[in-house]
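Below is one structure, written out as structure tokens; the observations come after it.
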Amino acid sequence: MFFPLVVMAAILPGLAALRSWDLTMPGPLWGLRAMAVAVDGMAVDQTAADAAIKPERESAGYRSVAFQPPLYPWLAALGLTLSGDCDPLACVLPSYAAGAAIVMLVYLHGRLWRGGGMGFTAALMMAFSPSLLLREQEMTPNLLAAAGALAALYAYAARTRITAESADPRRLSLLWSAAGGAALGASLLTIEAFGLITILVVALHQVYLRVSASADPNFRAAPSAGRSAWLRDGGLIDAALALGIATLIAVPWRLMMFRVHGWDLFAPLILPPSGWTDSYNLLTKIVELAPVAAPLALFGAARTVRIALTAESDDRETIGGSLWVVWAGAVALALAFWTTGPRQALEIFLLVPLNLLAASAVADLVNRRASVRALIGLAPAAALGLAWWSSKDLRGALDELLAGRASSATTLSLHLALDLLIVSFLLGRAVERWARDRDDRQRQVLAAFLLATLAATVGLGVREVVFRHGETNDLLMLRTMILRRNRERPFSHIAVVSPPSSRFDSDGEPGSLDAPYPGGRLRFILRTALPELPQIDLTHVDELLTLPDEQRLVILYGAGSRLSYSLQSRLGLESIHPGRSGILDAYATASSRVARR
């Protein structure tokens, strides 16, 4: 009954977000890698494509991406080939498809342990998550790796339920183990070592199940209990099957690359990824990932732990809830201690159990298994989380407080937040007293809270969907003008003039937000527009005089790159795309010059 709605929730928000897809780094570098597969035929090793990238930092960035596993570039290259004209949108489609798959897998996880209603609630929270929608707009492998790991955990969960409830689970158990191994192998073939987190989650959950079973008063250990019993029951065989299939999928590419590059292949494991920072506060990141669902998730996790500790035997809900708690805890530890790991993929992988636990808390409230009095704490916490996510001033004040740099503005922001918390708490207490002995009033309060939670969740997602990336739009407009001009008079070469001073500021960091260096973004757009022409990187406009007098495309970037009218006339160029504030100007050989030839 719920699955058609889940499919719509998985497809429509992401499809709307796809209208404003983004060229945030390092996404264009992954796009260049896909172009190397689709155009240059570098199916296995795309590192050689860095020879055509002259700027050193840009070349080093591409090389670090090229050492990552290749599943995402392969899928993007397939889309580029099918598009016919190397449409850059094809490089984003794997992220979008993976995001839709994640939403549907969230529903399947919830339905497996708590029923379709609870699964639909979790899927709805996931579908409108700003973090998921943001990743669906980028051409990065984070969602694809998370989807593979999530599918592997679903296969494990399905196998666990079958072995617990079926009288003869062997055949289905082996099938689910094989499927889980294939999904794990796909995840390992997307981001280096990310899929190994699923092995940690499974191992910890198995430890819990065995400890819980041994504590059951009805449990009696057989004389052959131990390794032989585990082998007989199929646990060891299923684990070996899953790991064997994952190895067959993930290892061959690494062996071929290791023969060529040696230990440099494993540089992504020890080097910080793009966007890495020393400071990382896990609590604030959880609130940022799920500002509305985080309090509900913590409440659901606390209830799950309490029920697991007090229950005499594990039922379906306890087993599923314990898996989600172990899952969230393992990923949180990975985020805290794996400092050079793929944080964006780990954050999405943490968001899944948070939404599942939040949906389980909602189900308990709706079914009156949890007291409505819990809303006294949940409502203020949700309001504060939403205020913190929406207010940059409040987030900045909290960061300054944690860093010991509190100022008068910090004090004012925190004072307002504290006032909001107190007012929300007092209002919750008043509503609780009003509805204490009236079941109809309690239902009204619960319905109002759940509707407000749903509206806030959808609103956050819609806010992300309607956002537009100005730089990406400018680059796509530039690509359109290049394609139009190339159809009329094909270009012979491309020259990009970019002074080093325009690429980095005085501290050696990327330029200001007002004039960001396009770097790999511009190269990717030019590569998709004119895939057969190499890009010539220049540092001064006078170097244009040394190029052959042919049909040329010239791109000028930065305040230091200006083409005087005399030089423009001498080169025979005319403007085809004036950039914003003189940045990213495009010129082509003038029509009159071509006519004289």
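The values are calculated or read from the model by the stated rules, or taken from the named source; none is laboratory data. Keep in mind that what you see is a predicted model, and the values were worked out from it rather than measured. Cβ: placed from backbone, ideal geometry, glycine included. Neighbour counts: every protein chain shown. With ligands, DNA and RNA removed, areas are computed over all heavy atoms of the protein, side chains included. Shrake-Rupley method; radii C 1.70, N 1.55, O 1.52, S 1.80 Å.
Take the alpha carbon gyration tensor of region 32-72, find the square roots of its eigenvalues, order them as a ≥ b ≥ c, and report rounded if a/c is under 1.5; if not, report prolate when a/b exceeds b/c, else oblate. Cα axes put region 32-72 in the oblate bin.
Highest mean packing first, where packing is the average number of other Cβ atoms within 10 Å per residue, the peptides 177-190, 57-70 line up as 177-190, 57-70. A cut-off of 5 Å between modelled amide H atoms, ignoring neighbours fewer than 5 places along the same chain, links Thr539 with Ser498.
Working from Cα pairs under 8 Å separated by at least six residues, relative contact order for region 100-168 is 32 percent. If you sort Arg441, Arg159 by accessible surface, 1.4 Å probe, largest first, the order is Arg441, Arg159.
If a/c stays under 1.5 just call it rounded; otherwise compare a/b with b/c (prolate if a/b is bigger, oblate if not). Do that for region 34-192, with a ≥ b ≥ c from the square roots of the Cα gyration tensor eigenvalues. It comes out prolate by the Cα gyration axes. Glu317 contributes about 60 Å² of solvent-accessible surface, heavy atoms of the protein only, 1.4 Å probe.
Taking R0 as 22 Å, what's the FRET efficiency between Ala240 and Val211 from their Cβ-Cβ distance, rounded to 0.05?
With a Förster radius of 22 Å, E is 0.45.
If R0 equals 35 Å, the separation of the Cβ atoms of Leu282 and Leu89 corresponds to a calculated FRET efficiency of about 0.50. Taking a sphere under 10 Å around the Cβ of Ala370 and counting the other residues whose Cβ falls inside, with K and R at +1 and D and E at -1, yields a net charge of +3.
With every protein chain left in place and a probe of 1.4 Å, what is the accessible surface of Asp474, to the nearest 10 Å²? My reading of the accessible area for Asp474 is about 40 Å².
Measuring with a 1.4 angstrom probe and ignoring ligands and nucleic acids, Asp315 comes out at about 80 Å² accessible. Charge tally for Gly320 (other residues, Cβ to Cβ under 9 Å; Lys, Arg +1; Asp, Glu -1): +2. Sorting 12-19, 355-362 by their mean Cβ neighbour count within 10 Å, with the most densely packed peptide first, gives 355-362, 12-19. Overall shape: prolate for region 46-95, with the ratio a/c of the largest to smallest alpha carbon gyration tensor axis at 1.5 or above and a/b above b/c.
Spin-label pair Ser371-Asp440: with each label point 7 Å from Cα along the Cα-Cβ axis, the two points sit 2.4 nm from one another.
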